Structure formats: structure tokens, C-alpha cells
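Read the structure below first, then the notes.
The values are calculated or read from the model by the stated rules, or taken from the named source; none is laboratory data. Since the model is a prediction, treat every value here as computed from it, not as a measurement. Every residue, glycine among them, receives a Cβ derived from its backbone with ideal geometry; neighbour counts consider all protein chains shown. These accessible areas exclude ligands, DNA and RNA; they are computed on the full protein's heavy atoms, side chains included. Shrake-Rupley method; radii C 1.70, N 1.55, O 1.52, S 1.80 Å.
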Amino acid sequence: MDDREIFYKFTPLVQDFIYRNGWQELRPVQIEAAKILFETQDDLILSSNTASGKTEAAFFPIISMISECPSPSVEVLYIAPLKSLINDQFERIQTLLDESEIPVFHWHGDVSASHKNHLLTDPRGVLQITPESLESMLMNRKNDLPRLFGCLKYVIIDEIHTLMTADRGNQIICQLDRLERVIGRSPRRIGLSATIGDIEKAKLWLGGGTRTVQAPDVASGGASWKLALEHFYVQDMTFDRNVHPAEVSEDEKPQTDAGYEYIYDCTKKKRCLVFSNSREETEYVTATLRQIAERRGDEDRFYIHHGNLSASIREETEQRLREGADCTACATVTLELGIDIGALERIINVGAPTTVSGFLQRLGRSGRRGDPPEMFMVFREENPLPDTPLPQLIPWELIRAIAVIQLYIEEKFIEPPYLKKLPLSPLSQQTLSILASHGELSPKELADKVLTLSPFYDVDRPDYRALLVSMIKNGYIQHTEDGGLIVGLNGERLIKSFKFYAVFKDDEDYSVKCESEEIGTISSPPPVGDRFALAGRVWEVSELDLQRKLIYVTPVKGKMEISWPGDYGEVHTKILERMFRVLCEDADYPYLKPNARERLASARRVVQNSNIRDSMMVSLGGNTKCLFPWLGTRSFNTLVRILRKNAALLGLSKIEYVGYYYITMKCDRSADQLLDDIRGLISQISPIDTMTLVPQSECPLREKYDGCIPPELLRKAYALDRLRGDEIERRFE
């Protein structure tokens, strides 16, 4: 089929929508999606640039097919990781279906009971839902599922790149497997994403290893970007460079920080997003920009968006951006995904994105409506003192940003998804969820229902038996007199909380209120009279209601100094390797502004004047050595464990590291001799057995339901999914 034939296969409703929006032609992703959905019964992954029309590509043919013969149940299930994304897509899809008889429902914690009851009374059309709300349905409405979903034909999963490597993604695939068993049919699955690094792994995840999944290669054309990276020292002044830092008061410090002043100027008369890598940093940036606006006598045009804010504050930010107002939103990953927030003119990133995928997602937030994407990255660091150790003379975040950009420009590299080998936390949750929905099951029946879910195909039955024994011992499950299994007392306490439905960790949050206005949540209550930052403002605690987990506050002027740890995340080895090349090559990158270019040049001089270019191991003076392994997160952490386990053999002490850039240690041997000894050790223990690196005394609790899991299984899962030896073996050959 060509695009003309496809257009005439669309229902008149879709054709009218295309005419009303003035589209002259279908986009490539829409043509390819229509061919597969109209002509085959295969599942589908649509991976193309942000704003390329993926949502319409999926819905145009689906709506055309379901409108021909409507069914008396939900026919399209749309799953998204964020409430805000569902709210946004709800409005878009509702606009598309305005003149049809196909209803659109959305279902999550912020949706009214009346809207949900409308679906329960007359289930039809399209349902948009979060994984957590779907889990609740599977547990608590098992007998109603055939009526609600008996004619389900399509499942659309949005932003799958954020789900595949997370427990939440495994949870979704389990939910779909369970739903198919109940309704006795297998709806087609469609996955959407702008950034997938390994399409074959994505197909394996979506299809559970048993389904046929197509992923058309959609030509995106030559992309044009506007990039600028600039660097500042924290001590830089803007309004008066003759003032000595010691003479600047605490209240004036944010007014004299050249980095923040630069960010402020970059946002002027622009519709912008300012991304940070943590909620705390986002709060600080918002408060600082508001303070600069107040000092300059400008209007406060700064808004904030992150997961701990109330729905009303987040929605206000989204609405202001959609309206095209002259405003700037400071955000975390919550605005990184596909919410339609209008034609943004510029993206500013405070520091560097951790991944290539994150960089592309953020860059893609701008440049819609025909303009090229535009991103500024701003880096701030303390001015090094004369006695600053060698590794700290390198601006690691700036170097990482260059590496991320160059990897995509040169190789179109995007991190491949990592699919867990032993996903124990969702395994525990699904065990309790299935028991809660089915009632009493024999151990064999329970194992058959759980271990045949796609994400658990590789779980050994002895391992699952060990998990069940532990859950029985700890009261999460209990035996009946007939030898069956039911949810135990501790399990009941878990599943009675709405927080059980989420497989990701959550805090025991306290709601913050100013009079009748809900501001957001924080994880621990400060005492009355203390102050804290939230929603880009400072609040003073006026009253605590600990029993109801409520904190009443009043607004006060000022800004809170916030200290946040670096959020290193999972970083791929290719990024570290490209960072090494950035430091060693002579290339000039056209997107570097003057300060950043000079900072890179100074870092390259450090590398040139040391031995870093020629050897992974350098001496820092005395008996202190520094190892630069250029390995990603999992391999780096594995190497640290190897060094610590064999410290006595290698003559090492005081092994320390920050992030994943370098490891310092004390050793009386020369740098060359120590590196040779480490090479010899790696050669002796190759292939590296990661299980030997997790001692019996360790119980690595990392995921939400790890408390249900016996320590020996936690150690096995940590060794399999958190450590990696093959890259170390190649590096030290």
C-alpha cells in the first residue's frame, strides 16, 4: 500500500482529522505502522524521533478498524508510565474521537470516581491506565475482567524505553499475560518510543519471547540541532567582578553566580525547559532563578514540575507551557517523556544527562513545529585549589556531555536495554497479587501460574521454591489445613495498602498544605518552626498532624541551600570509553562556548602532562595510586569488589571511589607494577564468577519487595544483574 491507499483505508473520522489539521501527507512512521496493522496480525514497535507522530501512527489504523464494528467492552488499552502523560494523551485522543461514538476513559489515582464508574457501567472504546491501576484491577476485579476486557483487541504501551530495563516493565508484561488468560484472547501489542538502543531486545521484551513482533526501520532524515555547552566556576561574579567572594553575603551569593545568571539570560523571552538530574536540584534552580528575577525587577515566569508536587501544580506548569506563554519550567524526568507541551524554543540542562537516551529525549522536547531542536548545557564547578588532587582537575560532567553527544553524532549509539535475568521484586509482588486474586492455590498451581509469566521463564523452580519457603516463614504467605497457600498476615498488610500496586520504591510521604492548597509531598516531617523547599519556594512548618501525615506550612521569603548527592544512574561503558577519547584527541567541538572550550583545553593539558593517556594507573604522590578503568557502572562496581576482595594479595589499602570515573588506593608498589599485578589477577580468575564477589554476610536490599526474598536469592540476583565481568577481562588483557 502507498500513502494514498492507506489514507483511504482510514475511517472518515480519521480522514477529517487529517484535513482539519492541514496535513499535506502522512509521515513515514504513520505509513509503516498502517501497513503492519492493516495487513498483518503481528505485534508492533514504533521507534522514531520525538514529535514524529507515533501516537497518531498507532491510533489512526486502530480507530479505523474498531469503528467498523464496535464491541461491548474496552477494545484498546493504553498503558503509560506517568499520570501526566495519560492526562495529555487523553485530551489528544478525545479530540480525535470527538465526533465518533468511541468513548475514551482514563484511570489512575487522580481520576474522579464518577469517571471510573462510567467505564465500569458501560465499558467500551479506549482505556488509558497506569501499571499500578491495572494491577489493582487484576487483583480486585478478577470476576469483572471478562466483562470489561472480553473484546480487547489492542494494547499500546508508551515510552517503552523507560520500562524495559525496570521492574515496572516486567510488571506490565506479567499483567498482559494474566489478562490474556482471563479473557481467553491475545490482543496485539504496540510499543512506542523515541529512543531504543537495541530493537531486537525490545522485540523480545514486548513479545515475551514467543510472539512475532515487527519493528519497521523508519527513516528520520537528516537532523539539524542547535547545541551549546558552557562552563562556569561557582566563584564567578556577574554584577561586580571586583568584589572578593569573601565579601559577598549569603543572601547575595545566588546573585553573583555567573552560571545561574547565564541560565537566566538564556531563558529570557523564550519558552524553555530547564532540566536537572534530581528533584532537590530542580527545587534549588527554580528558587535561584526566581530570586534573580526579583533582584532584576522582572516578572516571576518560572514554574516547576517533578513527582513530589501536587497534581494541580504540575498541571498548571503543563498548561502554561501549552498556552505558549513566555515562561520557563524547571523539571526532572517528569517532562522528559512525550507530553505535548507545545512549541518550546529552548532546552537548558543543568549539567549533563546520564545517558544518550536521556539526552535525545530532552533535546526532542524542543524543535517542534518545524524548528530545529535547541539545547544549552550549563556546567558549574568549584574553582580548583592549588593542592587539588589530579583526578579532580578534570571536569568529568562536561567531558561526559561531549562523549554523549559525539556517540550519537558519530555512531547513532543509544544504550541497549538491559533485561534482568532474575527479577525477584516483581516475582514476589506477582506471587502475592495472584494469590490475592485467586484465593487458595496449591504450591504447584501457584508456581505454574507465576513461572509461566513471560518475565519469569528463566527462574529456576528450586529458586522459586526457596522464595515461597521464605515468604511462608516470614508470614507473607501461609499454609491452609488442606496444604494450599493463601496470603498471610504480613502479606495482607502489604496488599491492603494502595502502595502495593507499584513495584517501584516509594517513600512514606507526608502531604504539605498551605491553608487549603496542596503543595506536594516530602519524605520526613521537619519540626514546627523549621523551613524547607518545595515547589520552588520556602515554607515554614506551622503545624504537624503526624497521625494523618499532614504538614501545614506558611510561605516565607528566601531560598534554602540544598545538598544533593550525584545521581549517577546506569552509565554504559561506551560513554566512558568515548570520554577517554575526548580527553586524548585534539578535536574541536563546534558546540562548545568559550569557557567550555577553555575548560576542555585545561583538562587535556592535565591528561597530557600526566600519564593518563598511556596508562590506566598513575601515581598521585607518595604511595597513593589512581586507576582510570574507563568502565560503565556495572563493570566498574565489579572491579571495585575484585580489588577489595584481593586487597591483601595486591598490597592495597584505603580503596575509595566517587561515581565511576576513577579509583584511588594506597599501595607501596609502583604504578606500573601494581597495574601488572592487577592484570595477572584478572587473568587468573577469568572467567570472573560474580557470585564469588558477593559475600555471605551481604544482603543487598535494593528493590521494593526485597524484604520478602531470602538473602541467598538476593545475592544471586545482585551478582547476575548488578555485576559484570566480561568487560573487565577485555580491559585488562
Exercise. How big is the gap, in Å, between the Cα center of the range 59-127 and the Cα center of the range 672-733?
Worked result: 46 Å
Exercise. What ranking, highest mean first, results for peptides 120-131, 610-621 when packing means the other Cβ atoms within 10 Å averaged over each residue?
Worked result: 120-131, 610-621
Seminar exercise, completed: Here the equivalent ellipsoid of the range 405-476, derived from its Cα gyration tensor, has semi-axes (largest first, whole Å) of 36, 12, 11
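DSSP beta bridges in the chain, what fraction antiparallel, as a percent rounded to 5?
Here the share of antiparallel DSSP bridges comes out near 40 percent.
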Problem set entry | Accessible area expressed per residue, the chain, with surrounding protein chains retained (probe 1.4 Å, Å²) | 43 Å²
Exercise. In sequence order, what are the phi-derived ³J(HN,Hα) couplings for the range 688-694 according to the Karplus relation 6.51 cos²θ - 1.76 cosθ + 1.60 with θ = phi - 60°, rounded to whole Hz, with x for glycine and proline?
Worked result: 5, 8, 5, 4, 6, 9, 10
Seminar exercise, completed: Taking a crude spin-label model, label points 7 Å out from Cα along the C-beta direction, the Asp482 to Ala587 distance in nm is 6.8 nm
Exercise. Could you state the per residue volume, in Å³, of the convex hull enclosing the Cα atoms of the range 262-421?
Worked result: 163 Å³
Exercise. How long is the gain from Asn117 to Ser516 if the chain were fully straight, where each residue apart is worth 0.36 nm and the alpha carbon distance is subtracted?
Worked result: 140.9 nm
Exercise. How do 462-470, 155-163 rank on mean C-beta neighbours within 10 Å, highest first?
Worked result: 155-163, 462-470
Problem set entry | Placed amide H near Leu229: partners under 5 Å, 5+ positions off or other chain | Met377, Leu592, Lys593
For this session: Compare the peptides 74-87, 385-398 by average per-residue count of other Cβ atoms within 10 angstrom and give them in order, highest first.
Result: 74-87, 385-398
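Tally up the carbon and sulfur contribution to the accessible surface of the chain as a whole percent, 1.4 Å probe, everything protein left in place.
With neighbouring chains kept in place, the figure for the chain is 47 percent.
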Problem set entry | Prolate/oblate/rounded label for the range 47-117 (Cα gyration tensor, a/c 1.5) | oblate
For this session: Starting at the first residue of the range 646-658, write each ³J(HN,Hα) from the Karplus equation 6.51 cos²θ - 1.76 cosθ + 1.60 with θ = phi - 60°, in whole Hz, x for Gly and Pro.
Result: 10, 4, 5, 4, 8, x, 9, 8, 6, 7, 9, 7, 10
Seminar exercise, completed: Once amide hydrogens are built 1.01 Å from N within the peptide plane, the residues lying 5 or more places from Gly632 or on another chain with amide H under 5 Å from its amide H are Thr573
Seminar exercise, completed: Given 37 °C, 0.692 mPa s and a Kirkwood radius over Cα pairs, the Stokes-Einstein diffusion coefficient of the chain in µm²/s is 116 µm²/s
For this session: Restricting things to alpha carbons, find the Rg to Rh ratio for the range 583-691 using the Kirkwood radius for Rh.
Result: 1.04
Exercise. When only alpha-carbon atoms count, how far does the range 31-173 stretch along each of its three principal axes, as whole angstroms with the largest first?
Worked result: 38, 37, 26
For this session: Distance between Cα centroids, the range 608-646 to the range 431-501: provide it in whole Å.
Result: 45 Å
Problem set entry | Set Lys226/Lys421; Lys449/Lys496; Lys473/Lys499; Lys226/Lys412; Lys153/Lys412; Lys269/Lys412 screened for pairs whose C-alpha atoms are more than 28 Å apart | Lys226/Lys421; Lys153/Lys412; Lys269/Lys412
Problem set entry | Three-way shape call for the range 514-639 based on the alpha-carbon gyration tensor, with the a/c threshold at 1.5 | prolate
Exercise. Does the range 76-128 come out rounded, prolate or oblate by the C-alpha gyration tensor, with a ≥ b ≥ c the root eigenvalues, rounded set by a/c under 1.5 and, if not, prolate when a/b is larger than b/c and oblate if not?
Worked result: oblate
